[in-house]
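Since the structure comes first, as structure tokens, the remarks are kept for the end.
The values are calculated or read from the model by the stated rules, or taken from the named source; none is laboratory data. These numbers were taken from a predicted model, which means no experiment stands behind them. We place every Cβ from the backbone using ideal geometry, glycine too, and count neighbours over all the protein chains shown. Remember, those area values only see protein heavy atoms, side chains included, never the ligands or the DNA or RNA. Shrake-Rupley method; radii C 1.70, N 1.55, O 1.52, S 1.80 Å.
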Amino acid sequence: MDSIEHQDHPDRELLEMLQEAEAKVEQLRVELDRRREFRRQMRADEAHEGTDEEVERLSEYLEQAQINWQAVRKFFQSAIEEYRADDAWGSGRPGA
Amino acid sequence: MSQTIRDESTDSEHGVRQIEVDGADTAAPASPLRRLPLTGRPLRIVEWLAVVAAIYVMITAVGAIGSGFEAATGGQAEELFSFASNPFVALVIGILATALTQSSSTTTSIVVGMVAGGLPIEIAIPMLMGANVGTTMTSTLVSLGAASDREQFRRAFSAASVHDMFNLLAVAILLPIELIFGVLGTIADWFAQLTTGTDGGIVTTIFTAFGDAVSAVTSPGADLIEAAVMGILPEVIGGVLMILLGIALILLIIKFIANMLKSLLVGRAERIFHAAIGRGPISGIGSGALITVMVQSSSTTTSLTVPMAASGKFSLWQIYPFTVGANIGTTMTAMIAAFGFSGVEGTAAMTAAAVHLIYNLFSATIIFAVPFLRPLPVKGAKWLGDLGAKNKMYVLFWLGGLFIVLPAVLIGVSTWVF
């Protein structure tokens, strides 16, 4: 098998260029992966921004995580009133 | 982010436990025993003893239901419950019973007691599936509290609806499979034989020894109730009274346990949330299950996601796995209850409890593993949230549709078909 190390190899120059190109492609792939990972991490960080602080409010959320029957009654009343007045969410727009 | 609970102290005047988590004080939910003249460690010890006592009463109550059901049906449970041999009727019973009691743990514990008392497992399986659907009512009603702000309500109602959508999808997939192949019943039966059967293997030996110990401790309580009731009343009336007494006890005790554990374990729940955030669905499902086991109430976990989503800091995709985990975690209550029986009754009770566990494990695995199924609950919930934020009447239609029209249609159509 021919080796490009051989000084008199007829395709030496082309083979060297090909090797360089392959190394460059590999470098570009690594860089592309790095950028994609960075963007993915940024998106994940954005998605979780503030969630840790919110978890600190767990006790407060536990208090809110109970049925407020007064609010349920109020919701049903307002739903029926808004339906009768054709005024969804009191926005002044029918079925808004 | 690692969180460390550094100190706990109790303000006895207001009954508020202060938990210091990494330097920040958090007020834990008020303990049901806050009026006791105790603070700090002595109070915590008494609270944990109260939890143990409550679990004892719960197992006793399930045992009383089993004995009462056996007495009331006189060994004719299959004939008496022939009306529920239509699986859709049984499913509706599970949905409505849970919607009324606001607790799937209560329904499943009652079903476990009834199966131990002779209810055929084929009738119990759709009831257990229905319990999952019925429990979604609680979080939906909780979400109505966010109606003062339209955007918050959109997020809150969507969050509550994720659980509805997931549980409806799970029933739509697994009920037909169960009716055709009987997969859940077969696997649960194998599990029950393995853990409480008579094959003499190591697993059976360990589980049977544990079950016998629990049963030996709790049986006197159930026997006492039985003797007190059956000694003065005819068998059928006494049996019915025992069932009612058992249900009332379970309702009270599960609520008490949930409130107590919420107060005791809120700091740990925070740590679990911190550890799970941003780590993918499996972590979310695991933490949802763990928190539900800790508070012994899936309604608490699913309702907890409602204000969290309403805050706008948590997306539907983030809270979705927590609610699925809640389905798995809530099966632990019936498992504990099943240990109150021994022998043939114990195997029957364990079969019913295992059905609920396997059903929830299967539904989570299938829906999360199949790419086109996974987003359906979130898409459905988002659609429903948008509709609710457009017009409140859609919310009323959804509640009426899910808990009145759907059950009526299921019973009507299936009775006509079968």
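Before moving on, here are some points about what is shown:
- Only residues that are outside any helix (DSSP H, G or I) and either within 19 Å of B:Thr135 (Cα to Cα) or acidic (Asp, Glu) (or both) were counted in region B:275-290, giving 0.
- Evaluation of B:Leu100 against the conditions (1) within 14 Å of another protein chain (Cβ to nearest Cβ); (2) assigned to a loop (DSSP other than H, G, I, E, B); (3) modelled with pLDDT of 85 or more shows that the sole unmet condition is (2).
- Some residue of region B:107-126 being part of a helix (DSSP H, G or I), touching a residue at least 12 places away in the same chain (Cβ under 8 Å) and within 14 Å of chain A (Cβ to nearest Cβ): no
- The numbered conditions (1) closer than 21 Å to B:Leu141 by Cα; (2) not in a helix (DSSP H, G or I) are all true for B:Leu233 except (1).
- Of the residues in region B:358-367, not one is touching a Gly at 6+ places or on another chain (Cβ under 7 Å), farther than 17 Å from B:Thr140 by Cα and open to solvent by 10 Å² or more (accessible area, probe 1.4 Å).
- Pairs where the first residue, in region B:379-390, is open to solvent by 60 Å² or more (accessible area, probe 1.4 Å) and the second is of a type in the set (A, V, I, L, M), C-beta under 8 Å, 6+ apart: B:Lys382/B:Leu316; B:Lys390/A:Ala88; B:Lys390/A:Ala96
- Unique match (being in contact with a strand residue (DSSP E or B) (Cβ under 6 Å, 6 or more places away or on another chain) and open to solvent by 10 Å² or more (accessible area, probe 1.4 Å)) among B:Thr39, B:Thr73, B:Thr101: B:Thr39
- Residue match in region B:336-355 (condition: within 14 Å of another protein chain (Cβ to nearest Cβ) and at pLDDT 90 or above): no
- Scanning region B:291-316 for residues that are more than 8 Å from chain A (Cβ to nearest Cβ), under 13 Å from the mean Cα position of the chain (by Cα) and assigned to a helix (DSSP H, G or I) returns B:Ile291, B:Thr292, B:Val293, B:Met294, B:Val295, B:Ser298, B:Ser299, B:Thr301, B:Thr302.
- Looking across region B:142-162 at every residue that is surrounded by 23 or more Cβ atoms within 10 Å (Cβ to Cβ) and aliphatic (A, V, I, L, M), the one that is farthest from the other protein chains (Cβ to nearest Cβ) is identified as B:Val162.
- Restricting region A:65-90 to residues that are facing another protein chain (nearest Cβ under 8 Å) and of a type in the set (D, E, K, R) leaves a set whose member that is surrounded by the fewest Cβ atoms within 10 Å (Cβ to Cβ) is A:Lys74.
- Unique match (being open to solvent by 80 Å² or more (accessible area, probe 1.4 Å) and at pLDDT 80 or above) among A:Glu46, A:Glu31, A:Glu60: A:Glu60
- Of the residues making up region B:311-357, those that are open to solvent by 10 Å² or more (accessible area, probe 1.4 Å) and among the aliphatic types (A, V, I, L, M) are B:Leu316, B:Ile328, B:Met332, B:Met335, B:Ile336, B:Val344, B:Ala348, B:Leu357.
- B:Pro375 satisfies every condition listed in (1) free of Cβ contacts under 8 Å to residues at least 60 places away in the same chain; (2) within 14 Å of another protein chain (Cβ to nearest Cβ) except (2).
- Candidates B:Gly239, B:Gly182, B:Gly246: the one that is open to solvent by less than 40 Å² (accessible area, probe 1.4 Å) and at positive phi is B:Gly182.
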